[in-house]
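Reviewing the structure listed below.
The values are calculated or read from the model by the stated rules, or taken from the named source; none is laboratory data. Because the structure is a prediction, the values reported are computed rather than measured. No Cβ is skipped: glycine too gets one built from the backbone with ideal geometry, and neighbour counts run over all protein chains shown. With ligands, DNA and RNA removed, areas are computed over all heavy atoms of the protein, side chains included. Shrake-Rupley method; radii C 1.70, N 1.55, O 1.52, S 1.80 Å.
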Amino acid sequence: MNGPATRLLALDADPVAGASEAVRTALLAVEDAVDLLAGTDDDLHEAFSYARGQLDLAARMVGDTSIADLAAFAANPAPFPFEPRTPLGALVLDVPLATSTEMIYGLRVSLRGALTSLASAVRTLGSVPRRHSPAVVIVPWLAEVALASARVERLADVVVAHVHAAAHPGTPELPGVGGDVELYPAGRAAPVRRWAQRARVRFTPGRVEIVTSAGRISVGQSSPIGSLLWVAPPVTTAPEVATAPDEAAVTGPEHDALGTVHVLDTTGRSLVAFVVADWASQPTTVVDQALVDSTIGDLPLGAARGVLALHAIGVARGATTIGVPLLRGVAHPPSATDTLGTLRAGEDRAPYRGRDLAPARVASRRRARSRWWNTDLGPGSSISGWIRPVTPWLIALAPLLIWPGGGRNAFQLSILVLALAVVAEPWVSWLVALLRDAVPRPARRASYSPGTPGRPRLTLTDRFLVIRSASGHETWVPGPQDADLGVTRLVRLLQDDRAWGFALSDARGRWRAVLPAAEWAPAHRYADLEAFARRARLELADQEAAPLPRLGQDAVVRGSAAAGARTFGPRPRGLLILGFAATPAALLSLAGPDRSQWLALVTVALTYGGAAAVALATHLRIGRTKP
């Protein structure tokens, strides 16, 4: 099950709410496009006016929709009898950019297809029963409307960004001061924290170097770079990432909107691409700053994504450093013969491997998460998928098999060793992942910790400010030594003379990251944080601004969904259920020989004790216990 309806459920537990939000945000983007295009481009103005009418109708229809069996369906989802095949991402064209005559690459064919899909989805939704309908009947059509709306929203964003940039050219970007510009990834937590420290995108004259979990690559030597092309949405959209079998990636709300940057050769074919949201310290912050910062001025949301964010992250300065233009598109270009595809900075969390990637096991694992009886122990090694199905049976029977001879003959010793191995396997897999994540770290020059739950910390090294949130996510932000994108100021953000956050701002006033005041300066104790800023040679400033509307969704906030995406060991509920399987034999073995007793005690410690330890660590670091 990997069609639009399934993907809608993967992103939102309530399909009606998910479709309603998709239509609402698309309507806002289209209204911005209609306003900007009035008197500028009559054809595009007419097209987006038509889209606005269709979205208005869709909003009313979705608002009238209710699902009779949503709770039962969510607990035990059944395959849909049909799933409309709406394209999820931007089109991939056969025409290289160099031969295209459009100002926005792929706009004509993409807009025609998006409006056709939207009209068809709205028409179909209007023809089916929407009041108290079964989920298998109505969810596919809600998904069709939601995904068609998302396609139109991305088109509107790119058009708004292009029109706004043409009307407000601003100050041209300068090349990197030291001859290069480096981008750094969003935060990550153990056991994949190393990619927050190691991953890089480096722009130099005529070249782009990218370091990711897949290795180091360099583009521009054999095939000269002709331009950079920003396309929204990416090749792999958020719904597709959410349903990936390895579950290694976690998408934020700006994953699709910030899109992809293609590095093109001189003919306009893609040499390599990277997802823009991967390289923003806080993707929502670089977009939402335009909504609350009065120094930026009135900026449409599409321009905040397609202009402000690309400048704040450093993509625009990177293009200037290479010596090529940064163009915009709504379709992906064809690939060059030596293309490297789309590269991600690295995993956002430990991936499932081996047998656990089989479609049947993926479906079973996801269905089990909606029930209390969930035996999933979390990601493991490539052999975990073969070991874990037999673990409950082995630990339930092993003490009884060892009992008769006291565990002294070869057969009983092998059973004893095998039982210990399988019950320890989830912990060994987790330990191996942690050891793999242990990489050398630069020396600290100064640090600050507010002492709040989870003990978040701000650390200064020779080149970076390292933000470690309460959940353990680390974000490496360039310090004042970086003359291009480095943090130079600590800005206390105020509303009605009360601090709600602290912005780490670069020399252009772009907020690289924002720290919530409640966690980083509890009870308005600012002295220690200001002392750290002085040691880091950061300027101190105050600024009036409304709170960022989506800061609470970022991993820097304790208890947020992004913070809760990480784990601190094998899954507690799976360990508890494993303990249930071992309990009867463990109780009986109390009257048995020593080796049978020791096996039972080790099993109980690694299951019940391990579940308690992981749940406690999760509660202390994240603020809630996640199964």
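Quick notes on this structure:
- Residue 268 meets the conditions (1) open to solvent by 10 Å² or more (accessible area, probe 1.4 Å); (2) assigned to a loop (DSSP other than H, G, I, E, B) in every case but one. The failed one is (1).
- In the range 92-110, the residues that are in contact (Cβ under 8 Å) with a residue 40 or more places away in the chain and closer than 14 Å to residue 227 by Cβ form Cβ pairs under 9 Å with partners that are surrounded by fewer than 16 Cβ atoms within 10 Å (Cβ to Cβ) and among the hydroxyl-bearing types (Ser, Thr, Tyr), at six or more places apart or across chains, as follows: 96/267; 97/267; 98/266; 98/267; 99/267.
- Residue match in the range 228-239 (condition: more than 23 Å from residue 96 (Cβ to Cβ), out of contact with any strand residue (DSSP E or B) (no Cβ under 8 Å at 6 or more places or on another chain) and at pLDDT 90 or above): no
- Of all residues making up the range 502-547, the number that are basic (Lys, Arg), under 24 Å from residue 173 (Cα atoms) and assigned to a loop (DSSP other than H, G, I, E, B): 2
- Breaking point among (1) in contact with a helix residue (DSSP H, G or I) (Cβ under 9 Å, 6 or more places away or on another chain); (2) surrounded by fewer than 19 Cβ atoms within 10 Å (Cβ to Cβ); (3) among the small types (Gly, Ala, Ser); (4) within 25 Å of residue 453 (Cα to Cα), for residue 546: (4)
- Search result, residues across the range 96-128 that are of a type in the set (S, T, N, Q), more than 29 Å from the chain's Cα centre (by Cα) and farther than 22 Å from residue 265 by Cβ: 116, 120, 124, 127
To keep it simple, each residue is scored yes or no on (1) under 30 Å from residue 502 (Cα atoms); (2) under 22 Å from the mean Cα position of the chain (by Cα); (3) modelled with pLDDT under 90.
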site: 296; (1), (2), (3): yes, no, yes
site: 301; (1), (2), (3): yes, yes, no
site: 322; (1), (2), (3): no, no, no
site: 332; (1), (2), (3): no, yes, no
site: 380; (1), (2), (3): no, yes, no
site: 394; (1), (2), (3): no, no, yes
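- Criterion violated by residue 408 - all others in (1) basic (Lys, Arg); (2) modelled with pLDDT under 85; (3) buried (at least 17 other Cβ atoms within 10 Å of the Cβ) satisfied: (3)
- If the condition is being in contact (Cβ under 8 Å) with a residue 40 or more places away in the chain, more than 28 Å from residue 473 (Cβ to Cβ) and open to solvent by less than 40 Å² (accessible area, probe 1.4 Å), then the range 364-399 contributes 391, 395, 396, 398, 399.
- When the range 101-114 is filtered for residues that are assigned to a helix (DSSP H, G or I), loosely packed, with under 15 Cβ neighbours inside 10 Å and not basic (Lys, Arg), only 109 remains.
- So residue 417, is it farther than 21 Å from residue 529 by Cα, without any contact (Cβ under 8 Å) to a residue 60 or more places away in the chain and open to solvent by 30 Å² or more (accessible area, probe 1.4 Å): yes
- Residue 560 falls short on exactly one of the conditions (1) assigned to a helix (DSSP H, G or I); (2) open to solvent by less than 20 Å² (accessible area, probe 1.4 Å); (3) closer than 30 Å to residue 450 by Cβ; (4) not assigned by the TED database to the domain that holds residue 482, and that condition is (1).
- Subset of the range 285-303 [among the polar types (S, T, N, Q) and surrounded by fewer than 24 Cβ atoms within 10 Å (Cβ to Cβ)]: 294, 295
- Qualifying residue in the range 446-457 (condition: in contact with a Leu (Cβ under 7 Å, 6 or more places away or on another chain), surrounded by 21 or more Cβ atoms within 10 Å (Cβ to Cβ), under 25 Å from residue 183 (Cβ atoms) and not aromatic (Phe, Trp, Tyr)): no
- Within the range 449-459, restricting attention to residues that are out of contact with any Lys or Arg (no Cβ under 7 Å at 6 or more places or on another chain) and modelled with pLDDT of 90 or more, the residue that is farthest from residue 566 (Cα to Cα) is 450.
- Verdict on residue 188 being of a type in the set (D, E, K, R) and either within 24 Å of residue 442 (Cα to Cα) or without any contact (Cβ under 8 Å) to a residue 60 or more places away in the chain (or both): yes
- From the options 458, 394, 434, residue that is within 19 Å of residue 595 (Cα to Cα) and outside any loop (DSSP other than H, G, I, E, B): 394
- Residues of the range 311-320 satisfying the condition of being β-branched (Val, Ile, Thr) and open to solvent by less than 10 Å² (accessible area, probe 1.4 Å): 313, 315
- The range 261-284, residues that are touching a residue at least 60 places away in the same chain (Cβ under 8 Å) and over 21 Å from residue 510 (Cα atoms): 262, 264, 265, 266, 267, 268, 269, 270, 271, 272, 273, 274
- Of the strands (runs of 3 or more DSSP E) lying entirely inside the range 142-230, those carrying at least 1 residues that are surrounded by fewer than 24 Cβ atoms within 10 Å (Cβ to Cβ) and of a type in the set (S, T, N, Q) are 200-204, 207-212, 215-219.
- One residue alone among 595, 573, 621 is more than 29 Å from residue 191 (Cα to Cα), part of a helix (DSSP H, G or I) and open to solvent by 40 Å² or more (accessible area, probe 1.4 Å), and that residue is 595.
- Exactly one residue out of 49, 117, 66 is modelled with pLDDT of 90 or more, farther than 19 Å from residue 302 by Cβ, hydroxyl-bearing (Ser, Thr, Tyr) and surrounded by fewer than 22 Cβ atoms within 10 Å (Cβ to Cβ): that is 117.
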